[in-house]
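Here's the structure, in structure tokens; my notes come after.
The values are calculated or read from the model by the stated rules, or taken from the named source; none is laboratory data. On a predicted model such as this, the values are computed, not experimentally measured, just so you know. Cβ placement follows ideal geometry from the backbone for every residue including glycine, while neighbour counts extend to all protein chains displayed. Ligands, DNA and RNA are stripped out before the accessible areas are found, and what is left, the full protein with its side chains, is counted by its heavy atoms. Shrake-Rupley method; radii C 1.70, N 1.55, O 1.52, S 1.80 Å.
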Amino acid sequence: MNGTLKKAILSLIVIISAGSHCVSAQNVDVFVGADLNYRRLFFNDQLYDLLIYVNPGVKADLGGNWQIAAQALIPVVNQYGDFYNRVRPGVCTVSKEILLQSGALKFSAGLFSAGRYGIDARWLYPVNEWFAVESQLGFTGYHTLEQKWRFSRMDRLTGNVRARFFIKKASSEIRISAGRYIYEDYGGQAEFYSHFNNTSVGLFAQYSNKAGCSAGAKIVFMIPFQKGLKAGKFTFRPASNFRLTYDVMADNHGLKNYSIDPEENERTGSFRTLTFPGSIK
Amino acid sequence: MKKLLLVISILTVAAVQAQAQQYTGLEGLLHCPSADMYAKGSGRISLASLNENSVPKHYATDITAYSLAYNPFDWAEISFTGFVRKIGGIVYQDRMASVKFRPLKEGGWWPSIVLGSNDPLSTVSTTADTDGNNSMCNFYIAISKHFAVSAGSIGVHTSYRKFRKNANAIWNGVVGGLTFSPVFYPDARITAEYDGAGINIGADVKFFNHISLQAICYGMRYFNCGLCFEFNL
């Protein structure tokens, strides 16, 4: 048994036991998705270099709108180099949502995506059926698994504000946001989303004071079979979605932010207790 | 006379046009645009093999094109296309976006009209013929009208197209063609077109509502073909 497989099995055991040891957990979801990365940095005999992770994860609902989530990234196709051969932790967080008269708040702490760790607060306020305001504030550091797990100081402040306009007749949405992002750049983004039955497709244009202008597309595909297989309080299912961003400038640094949930996406957002618009699940 | 006009009107509106893919992923003829559009929420993944004579000269080899396309509205189509070629063991790729908007939808007595462009944007804007940027850049206005006949549906399509680079000027000007879909299999289509440089003929057929095949005899000499998977988003 090679090292990668051992680590993969170990990670699975850790993830599942993390869920099972939540004695007060009401529901525990065990899910598996895939993380697709592709790049074209070198002129070679391939169209793209690929890095594909299988990312099993667990989410435990602890009641009172508390949730813990953990995820592992297991490389199954790696054309990026040895650095990416390691099994890595994905998003591993504990979070709490609070419903307010003016929307909902969500506090999270733990390991986020994009190699960030720290604390995060989000607010969603659907003002009416067609307009909502969102904001996010984070205090994070960088963590990496090279030879050993290392952490930078947790001293980076990020935050943004987003206005969302839903056009019900066309099942479409316009989002305009601005803020400070994880590479300490400032900028803004305009997005247009078409929401279909199972898929949302978005087009965006953005400006970052460090990365410049860019544009591209985002697609979020909701994976069926979410009822999964039930065994007691456990549900085994595929990941809720597959999402992809295409950036024409292929710049991974402009307006980059992190996710606080292993299944976070632009269609269903970050909140479990509140969605905008309400028809999108 | 009124009854005759009514019958013609109903037949014209009811004419079913087979949907076929261009190598851009957008609805079109073979090497020319048309004013036909896919339905809202339609998505396509396409793969095409293009003879070097049907692509800009600087490529100097056959091209494999892949594309992703979707319709956010009935009146808009958007796609991303990659043109891939392999020279000396090295894979090269050009990327382009395509957009198409329809201000007027076909009705009983009037045609559909669209405005569109392939490769309108570039990270490095240049008109140099040897440069790979904006290789396919062109803008067009297209008009299409369909007529139902006893044997099927006939489409008449014309466009005015302008390429940005002089090397592609052979495809400039008024282009267009005729399409025919038989009544016994409306998801099949044969096309004859003039693309500014010559006459092309081709055929499309869609199987199982999701898979389209296209075969083209470009310039009556060279073979192009395409495969497209269509789905509802």
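Observations on the structure shown:
Matching residues to (1) farther than 18 Å from B:Ser34 by Cα; (2) in contact with a helix residue (DSSP H, G or I) (Cβ under 6 Å, 6 or more places away or on another chain); (3) polar (S, T, N, Q):
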position	(1), (2), (3)
B:Thr123	yes, no, yes
B:Asn134	yes, no, yes
B:Ile141	no, no, no
B:Ser150	yes, no, yes
B:Ala167	yes, yes, no
B:Glu193	no, no, no
B:Gly196	no, yes, no
B:Tyr222	yes, yes, no
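- Extreme residue, nearest to B:His146 (Cα to Cα), among residues of segment B:156-170 that are open to solvent by less than 40 Å² (accessible area, probe 1.4 Å) and at pLDDT 95 or above: B:His157
- Inside segment A:128-151, residues that are open to solvent by 40 Å² or more (accessible area, probe 1.4 Å), at pLDDT 95 or above and not aromatic (Phe, Trp, Tyr) make up a count of 1.
- Selection of segment A:228-281 for residues being touching a Leu at 6+ places or on another chain (Cβ under 9 Å) and closer than 16 Å to A:Arg164 by Cβ yields A:Gly269, A:Ser270, A:Phe271, A:Leu274, A:Thr275, A:Phe276.
- Looking only at residues of segment A:25-82 that are assigned to a strand (DSSP E or B), within 28 Å of B:Gly88 (Cβ to Cβ) and in contact (Cβ under 8 Å) with a residue 40 or more places away in the chain, we find that the one that is nearest to the other protein chains (Cβ to nearest Cβ) is A:Arg39.
- B:Val84 falls short on exactly one of the conditions (1) more than 10 Å from chain A (Cβ to nearest Cβ); (2) in a strand (DSSP E or B), and that condition is (1).
- Considering segment A:169-190, the residues that are within 14 Å of chain B (Cβ to nearest Cβ) and either in a loop (DSSP other than H, G, I, E, B) or in contact (Cβ under 8 Å) with a residue 60 or more places away in the chain (or both) include one that is least open to solvent (accessible area, probe 1.4 Å), namely A:Glu173.
- Residue under evaluation B:Phe231, criteria (1) open to solvent by 60 Å² or more (accessible area, probe 1.4 Å); (2) in contact (Cβ under 8 Å) with a residue 60 or more places away in the chain, criterion not met: (1)
- Boolean, B:Asp187 is farther than 20 Å from B:Glu52 by Cβ and of a type in the set (Asp, Glu): yes
- Residue list for segment B:171-201, filter: open to solvent by 40 Å² or more (accessible area, probe 1.4 Å), farther than 28 Å from B:Lys57 by Cβ and of a type in the set (Ser, Thr, Tyr): B:Tyr185
- Test result for A:Gly278, open to solvent by less than 50 Å² (accessible area, probe 1.4 Å), modelled with pLDDT under 90, over 23 Å from A:Tyr53 (Cα atoms) and of a type in the set (Gly, Ala, Ser): yes
- Selected residue (criterion: nearest to B:Phe139 (Cα to Cα)) from residues of segment B:98-112 that are more than 14 Å from the chain's Cα centre (by Cα) and not charged (D, E, K, R): B:Pro103
- Failed condition for A:Met249, given (1) modelled with pLDDT of 90 or more; (2) within 14 Å of chain B (Cβ to nearest Cβ): (1)
- Residue that is of a type outside the set (S, T, N, Q), open to solvent by 70 Å² or more (accessible area, probe 1.4 Å) and farther than 28 Å from A:Gly216 by Cβ, where the choices are B:Gly152, B:Gly88, B:Gly108: B:Gly88
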